[in-house]
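Below is one structure, written out as structure tokens, with a few remarks after it.
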Amino acid sequence: MSNVHTYLIVCSILVCIHFTNGLSETSDHESVSESTRSFVPDFTNRYFLKDGKPYYYISGILHYTRVLPQYWELRLRQMKAAGLDAVQTYAFWNVHEPRPGVYDFEGNHDIIQFIELAQKVGLLVVLRIGPYICAEWDLGGMPSWLLTHEGINLRSRDTVYMSYVYKWLDVILPKVHPLLYSKGGPILMLQYENEYGFFGADKVYLSDLVEHFHKLIPSEDVPLFSTDHNEYNLLLRGSLTNKILATIDFGIHTNVPTSVDALRRYSYGTPFVNSEFYTGWPDTWGGKHQTRATSAILVTLNEILKANGSVCFYMFSGGTNFGFMNGAEGDATHYLP
């Protein structure tokens, strides 16, 4: 039996244990009437409330841009069969707006169809809007044409940059609003920035993003969240408090209690979520194929579940980088796509 098969089987067993302990109740989410559907973080008890009941979720990442549309439903059904509650994906600004003011939501870029298929197979959705997403994707999902504006300062209050961000949000947010869980759809949460603590510390920039989200989607309709690495200083730089959910990311061989302590130190009552639990890592061209031991994955996963954490496998299904959309690592002298 392959490591992948072993991983999926044991993962499913752990998910069943998670359910049996009353930590997740996804089997009936379709039967709840729209008037009573709700999903909110409980900052007093450090868990989510889904339809008024304590809730923790187990999800996996699948990027619609990295899989051909004819395979979307199959991949999603495989995720459901593995015992997952939800699928997590980014919204890829640069593929949806290849030129300023020109939008593409067709074929491989039909994010709405992808979300609707997730609901069809019984999965919830965690949607990471951006504007910056990383995702090991070209320019972190931001359109390359932004760089034609000399001196533009990305991921900042730069007026040119923010004008394009607002235009993008004005397009994507109304499209996904009807698909929110509170509106009868599958979307539990929306991410407004990603790992910003690695890049900057401008809380006004983050607040401006949240404010624009809330102009288009009322705060009571869906929780917003950010993701940063599992260190207090990065959370301090890259996230907001005041009832805006902060989540963390980390991989195997991580001290889970220490990570939770960093999150609690920053935001005492926030539910514990690992938004990117690294079950693998990207390959670079010509480099060694990246693998992770199933046993190590399961050890850390079990510690997350014991800590009453919600978790997302990054990646659950990796897919393919089409065209020239792959990201890269490197510095001034090395470029590793």
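Of TRP145, TRP137, all but one fail to be open to solvent by 10 Å² or more (accessible area, probe 1.4 Å), out of contact with any Asp or Glu (no Cβ under 6 Å at 6 or more places or on another chain) and within 17 Å of LEU62 (Cβ to Cβ); the exception is TRP137. Among the numbered conditions (1) surrounded by fewer than 13 Cβ atoms within 10 Å (Cβ to Cβ); (2) touching a helix residue (DSSP H, G or I) at 6+ places or on another chain (Cβ under 8 Å), the only one that GLY327 does not meet is (1). Answer with yes or no whether PRO257 is touching a residue at least 40 places away in the same chain (Cβ under 8 Å) and either open to solvent by less than 30 Å² (accessible area, probe 1.4 Å) or within 16 Å of the chain's Cα centre (by Cα) (or both). Judged against the criteria, PRO257 is not a match. Selection of strands (runs of 3 or more DSSP E) fully inside the range 161-268 by the criterion of at least 2 residues being out of contact with any Leu (no Cβ under 6 Å at 6 or more places or on another chain) and closer than 27 Å to PRO100 by Cα returns 187-194.
Taking the range 156-180 on its own, how many of its residues are of a type in the set (Val, Ile, Thr), more than 14 Å from PRO131 (Cβ to Cβ) and either within 20 Å of the chain's Cα centre (by Cα) or open to solvent by less than 60 Å² (accessible area, probe 1.4 Å) (or both)? Steps first, answer last, please.
Our first condition is that a residue be of a type in the set (Val, Ile, Thr); within the range 156-180, this holds for 159-160, 165, 171-172, 176.
From what's left, more than 14 Å from PRO131 (Cβ to Cβ): 159, 176.
Those still in the list that are either within 20 Å of the chain's Cα centre (by Cα) or open to solvent by less than 60 Å² (accessible area, probe 1.4 Å) (or both) too: 176.
Of the residues in that region, 1 qualify.
Taken together, the criteria place HIS96 among residues that are at pLDDT 95 or above, out of contact with any Leu (no Cβ under 8 Å at 6 or more places or on another chain) and under 16 Å from HIS63 (Cβ atoms). Hey, can you tell me all the residues within the range 135-150 that are in a helix (DSSP H, G or I), under 11 Å from ASN94 (Cβ atoms) and of a type in the set (A, V, I, L, M, F, W, C)? Passing the criteria: LEU139, TRP145, LEU146.
Of the candidates SER182, SER163, the single residue that is farther than 14 Å from LEU240 by Cβ and touching a Lys or Arg at 6+ places or on another chain (Cβ under 7 Å) is SER182. Whether a residue is touching a helix residue (DSSP H, G or I) at 6+ places or on another chain (Cβ under 9 Å), more than 21 Å from ILE129 (Cα to Cα), assigned to a loop (DSSP other than H, G, I, E, B) and open to solvent by 70 Å² or more (accessible area, probe 1.4 Å) was assessed, and THR333 does not pass this test. Can you name the residue in the range 193-207 that is aromatic (Phe, Trp, Tyr) and open to solvent by less than 40 Å² (accessible area, probe 1.4 Å) and is also farthest from CYS134 (Cα to Cα) among such residues? Checked the range 193-207; the qualifying residue farthest from CYS134 (Cα to Cα) is TYR205. Take the range 116-134 and flag every residue that is closer than 21 Å to ASN274 by Cβ, outside any strand (DSSP E or B) and open to solvent by less than 20 Å² (accessible area, probe 1.4 Å). ALA118, LEU123, ILE129, GLY130, ILE133, listed by residue number. Residues that are in contact with a helix residue (DSSP H, G or I) (Cβ under 8 Å, 6 or more places away or on another chain), open to solvent by less than 40 Å² (accessible area, probe 1.4 Å) and not in a loop (DSSP other than H, G, I, E, B) were ranked within the range 279-312; the one that is nearest to ARG128 (Cα to Cα) is VAL311.
Checking ASN153 against (1) outside any helix (DSSP H, G or I); (2) of a type in the set (S, T, N, Q); (3) open to solvent by less than 40 Å² (accessible area, probe 1.4 Å); (4) out of contact with any strand residue (DSSP E or B) (no Cβ under 8 Å at 6 or more places or on another chain), only one condition comes out false. Which one? Among (1) outside any helix (DSSP H, G or I); (2) of a type in the set (S, T, N, Q); (3) open to solvent by less than 40 Å² (accessible area, probe 1.4 Å); (4) out of contact with any strand residue (DSSP E or B) (no Cβ under 8 Å at 6 or more places or on another chain), the lone unmet condition for ASN153 is (3).
The values are calculated or read from the model by the stated rules, or taken from the named source; none is laboratory data. Fair warning: this is a prediction, and the values are worked out from it, not measured in the lab. Glycine also receives a Cβ, built like all others from the backbone with ideal geometry; neighbour counts cover every protein chain displayed. Each accessible area value is taken on the protein alone, full model and side chains, heavy atoms only, with ligands, DNA and RNA left out. Shrake-Rupley method; radii C 1.70, N 1.55, O 1.52, S 1.80 Å.
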